[in-house]
Amino acid sequence: MADVEHTIGLLLGTEDDWPRAYEAMLRRIGAVTDDQGRTHVTRSVRVTIEPFNLRDSPRHDLVIDRLAYWYYHPREWLKKIALMDDVYLLNSPFTFQAMEKHAAYCAMMRLGLKVPETVLVPFKNPLDNSRYAYTSGRYNQPFDLEALAESVGYPMYMKPYDGGAWVGVSRIRDVGELHAAYDASGERLMHLQAAIEDYDVFARSLTIGPETMVMKFRPELPMHERYAVEHDFLTPAVGDEVVAISRVVNAFFRWEFNSCETLIRGTDVHPIDYANACPDVAVTSLHYYFPWAMSALLRWTVYCVVTGRKPRLDTDTSRYFAIADDPSLSYAEKLDGYRRLADDYFEIDRYQEFCAKHLGHVDDVVADWIGSEEFRLLLGSTVREMYPPHEHERFLGHFNGLIDAWLRDHG
């Protein structure tokens, strides 16, 4: 018998591929010994949604949430178990409003990051609210949409302030496209954001706890081809800045399972989207990078429960703003200061030491499972669920080939 047993809850929506992979590999991790010599065993359960008494004690030590960004009942349960029971959550439910992009833009602009010029415009169509006509008639100021667009500069993007998965995003090149996109926006609240033209690289970085994988992203391609298997596509300095921005965003908002999109032009790194409550970790999207994501998720969740890491619900924004508002500091010096705060939040040194001492076998566990028949069955069932029958053979060959490439590279 283990000295301590831990339960990790998986709060899920429609996805089933990575949860099955995570569950299978967590079972293979086995007992972990902490620095005091106690043995810990960690298991996972899928969270069900049901009425809950606010004084109920949960059985979970940590919850990986992939649902509450849109489903309010489990969101309120997450708030309760964080406030009352110290259950560890990878993404804070208290900063979900910042996941609507707008607050995230504002905060990172305050920190001096190179966020493109952005303007929020009112709803095109009246809201379905009996008070709207009176309020708008008395307080809404008329505005010149074309003048606003000129202040941002063409080309630009019109994008929902609370968007996700590129839904409702339009590229605007002229006045005609501006009015067409705004007319189509209806009751959605939209940003106008300057485009970064002639960029060299579109990077998407996935961060899980203190670990970050920066991937070359090709948004113009189908989803199964968007992540290019390409290494060293950024200079060391630019790559380090992309990693720093990703971790600073996450530490600032208490997000620990998040993705960040940046456009790199020359040596300038422009973050354009870095608030994602449900980052893409599907095997059919990440393919080659899927084993890394599972390794990082296993290490971070086991580390959190075994070390008894407590949630830090306060966000310490004043510490970041003190650096941001210091006129004597350069951009690079400010980013270094933010990175130190982020490293402190993620306990970088302690985490790396713990992993080296107690979780050194995780990569081997993942590699063994990725090379197993069980994984190939999971991949096959996922492909058959996602694609029409006449494409099964093609995509099975595509994804199996990419996984084989990862196994060769990490053998």
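The values are calculated or read from the model by the stated rules, or taken from the named source; none is laboratory data. Computed from a predicted model, the values in this text were never measured in an experiment. Neighbour counts run over all protein chains shown; Cβ positions are idealised from the backbone, glycine included.
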For ASP240, state whether it is free of Cβ contacts under 8 Å to residues at least 60 places away in the same chain, out of contact with any Phe, Trp or Tyr (no Cβ under 7 Å at 6 or more places or on another chain) and farther than 30 Å from TYR22 by Cβ. no
Whether any residue in region 9-32 is in contact (Cβ under 8 Å) with a residue 40 or more places away in the chain, crowded, with 20+ Cβ neighbours inside 10 Å, touching a Leu at 6+ places or on another chain (Cβ under 9 Å) and acidic (Asp, Glu) is what I want to check. yes
With the structure loaded, tell me whether TYR320 is within 18 Å of GLU211 (Cα to Cα), touching a helix residue (DSSP H, G or I) at 6+ places or on another chain (Cβ under 8 Å), at pLDDT 95 or above and of a type in the set (Phe, Trp, Tyr) or whether it fails that test. no
Take the residues in region 153-193 that are β-branched (Val, Ile, Thr) and either free of Cβ contacts under 8 Å to residues at least 24 places away in the same chain or in the same structural domain as ILE272 (by TED's automatic domain parsing) (or both); name whichever of them is surrounded by the fewest Cβ atoms within 10 Å (Cβ to Cβ). VAL167
Hey, TYR105 hits all of (1) touching a strand residue (DSSP E or B) at 6+ places or on another chain (Cβ under 7 Å); (2) assigned to a loop (DSSP other than H, G, I, E, B); (3) of a type outside the set (A, V, I, L, M, F, W, C) but one; which does it fall short on? (2)
Given the conditions (1) of a type in the set (Gly, Ala, Ser); (2) part of a helix (DSSP H, G or I); (3) farther than 16 Å from LYS114 by Cβ, report the number of the one that ALA244 does not fulfil. (3)
Of the listed residues (TYR320, TYR387, TYR331), the one being in the same structural domain as LYS79 (by TED's automatic domain parsing) and either touching a His at 6+ places or on another chain (Cβ under 6 Å) or of a type outside the set (Val, Ile, Thr) (or both) is TYR387
Condition met for TYR351 (of a type outside the set (S, T, N, Q), out of contact with any strand residue (DSSP E or B) (no Cβ under 6 Å at 6 or more places or on another chain) and closer than 30 Å to ALA103 by Cα): yes
Scan region 227-234 and tell me whether some residue there is in a strand (DSSP E or B) and of a type in the set (A, V, I, L, M). yes
Just checking, does region 112-127 include any residue being out of contact with any strand residue (DSSP E or B) (no Cβ under 9 Å at 6 or more places or on another chain), surrounded by 14 or more Cβ atoms within 10 Å (Cβ to Cβ), part of a helix (DSSP H, G or I) and touching a residue at least 40 places away in the same chain (Cβ under 8 Å)? no
Need pairs with beta-carbon distance below 6 Å; first residue farther than 20 Å from PRO279 by Cα and within region 52-81, second aliphatic (A, V, I, L, M) and assigned to a helix (DSSP H, G or I); sequence gap 6+ or separate chains. PRO58/ILE81; ASP61/VAL305
